[in-house]
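Note sheet for the following structure.
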Amino acid sequence: MNVIAAADKNWAIGYKNKLLVSIPADMKFFRQTTTGKVVVMGRKTLESFPNGLPLKNRTNIVLTSNKDYRVKDAVIVHTPEELMEELGKYDSDDIYVIGGESIYRQLLPYCQKAYITKIDHAYHADTYFPNLDELEEWEMTQVSEEQTCFDLEYVFSTYERRKSD
């Protein structure tokens, strides 16, 4: 299983259920990486999308404790156990966890790769991604050249879970 996110220098990912910044190249990378795959998210992340609709050309799985929650073209699960059962139907390499904070925290232990767009800026934020640089079980295995969007600098980085001895 994989995780994909854009985070600022403090590992912040959002504020008031919105992304901190929209970087066209990051959006394109997200689209290219997840199209045709399975995306896993929480209800608030889904509701932050245009018109609150699932992402096109992907299998959208939403974890919510709200038993009455229904969304056309999305698979709704209500417990972590139900989620794991549903995810068992797919190739683990094709699964991308896309947020928000509580979903990232719940599923990170099951992920092998993390695609993190690291933005060299500190935003005012209320949601965060776990700091992979501080977690011994993760190591950065790839990083792109520095990119620029207006005056914003960022890199595309890949982290992989270290193999246990």
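The values are calculated or read from the model by the stated rules, or taken from the named source; none is laboratory data. Keep in mind that this is a model prediction, so the values were computed, not measured. SASA here: full protein model, heavy atoms, side chains in, ligands and nucleic acids out. Shrake-Rupley method; radii C 1.70, N 1.55, O 1.52, S 1.80 Å.
Amide H contacts of Val3: Val97, Lys113, Ala114, Tyr115, each under 5 Å away and 5 or more positions distant or on a separate chain (H built 1.01 Å from N in the peptide plane; Pro and chain starts excluded). Relative contact order of the chain: 32 percent, from C-alpha pairs under 8 Å at least 6 residues apart in sequence.
For region 1-48, the share of accessible area belonging to carbon and sulfur comes to 51 percent (1.4 Å probe, ligands and nucleic acids excluded). Rounded is the label for region 36-110, because the ratio a/c of its alpha-carbon gyration tensor axes (a ≥ b ≥ c) stays below 1.5. Accessible area per residue (1.4 Å probe, heavy atoms of protein chains only) ranks Lys37, Lys56 as Lys56, Lys37, with the largest value leading. Among beta bridges from DSSP that stay inside region 1-114, the antiparallel ones total about 10%. Against the chain, whose longest principal axis comes from its Cα atoms, helix 24-34 is set at around 40 degrees. Would you mind classifying region 12-56 by shape? Square roots of the alpha carbon gyration tensor eigenvalues, ordered a ≥ b ≥ c; an a/c under 1.5 is rounded, otherwise it is prolate if a/b is larger than b/c and oblate if not. Here region 12-56 falls in the oblate category.
For the chain, the 222 nm mean residue ellipticity estimated from helices alone, with every DSSP H stretch of n ≥ 4 adding -39500 (n - 2.57) and the total spread over all residues, rounds to -5000 deg cm²/dmol.
Met1 contributes about 20 Å² of solvent-accessible surface, heavy atoms of the protein only, 1.4 Å probe. Along region 140-150 the Karplus relation, 6.51 cos²θ - 1.76 cosθ + 1.60 evaluated at θ = phi - 60°, assigns HN-Hα couplings of 6, 10, 8, 8, 7, 4, 5, 10, 9, 10, 6 Hz to successive residues, with x for each Gly and Pro. Probing with 1.4 Å while keeping every protein chain in the model, the per residue accessible area of region 29-159 equals 57 Å².
Could you list log10 I(q)/I(0) for region 70-165 at q = 0.19 Å⁻¹, which the Debye formula gives when each Cα is one point scatterer? So the normalised log intensities work out to -1.09. Out of every Cα-Cα pair that the chain contains, those further apart than 29 angstrom amount to 15 percent. Computed over protein heavy atoms with a 1.4 Å probe, the carbon and sulfur contribution to the accessible area of region 100-164 reaches 46%.
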